[in-house]
């Protein structure tokens, strides 16, 4: 029994000609990301908080949080609602989980992944 070849031939596309104009300058190397803190006392930058990357750090700065220690005195739900108001959009509830994790960590808790706060958020706040 023989296997029939496909009724079409596989074609390869020609490579694109080089773009006209000057070559792109090389990209600047990215700044190294700060190491994540193991305790609240080690935290000097928002990006050192567990679960906090550049985007959420930017959101916190937009809310006036400039140093991680400021989070210990803040309420995660109030931060979440302020971010929703500041952006004019309902934020994903996982952002609240992340804020809960950051506030909890800065109050002395062990670092935990943000998703471990989901059940607590649902139990305490319901639908947000």
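The values are calculated or read from the model by the stated rules, or taken from the named source; none is laboratory data. Since we're looking at a predicted model, the values are computed, not measured. Every residue, glycine among them, receives a Cβ derived from its backbone with ideal geometry; neighbour counts consider all protein chains shown.
Of all the criteria given as (1) in contact (Cβ under 8 Å) with a residue 60 or more places away in the chain; (2) assigned to a loop (DSSP other than H, G, I, E, B), the one not satisfied by residue 105 is (2). Looking at the stretch 29-47, I want the residues that are assigned to a helix (DSSP H, G or I) and have a partner that is modelled with pLDDT under 95 with Cβ atoms under 8 Å, at least 6 apart or on another chain. Which pairs are those? What qualifies is 47/33; 47/34. Each residue in the stretch 48-78 was checked for being farther than 25 Å from residue 124 by Cα and either in contact with a strand residue (DSSP E or B) (Cβ under 8 Å, 6 or more places away or on another chain) or in a loop (DSSP other than H, G, I, E, B) (or both), and 4 pass.
Taken together, the residues in the stretch 61-78 that are farther than 21 Å from residue 110 by Cα and in contact (Cβ under 8 Å) with a residue 24 or more places away in the chain amount to 1.
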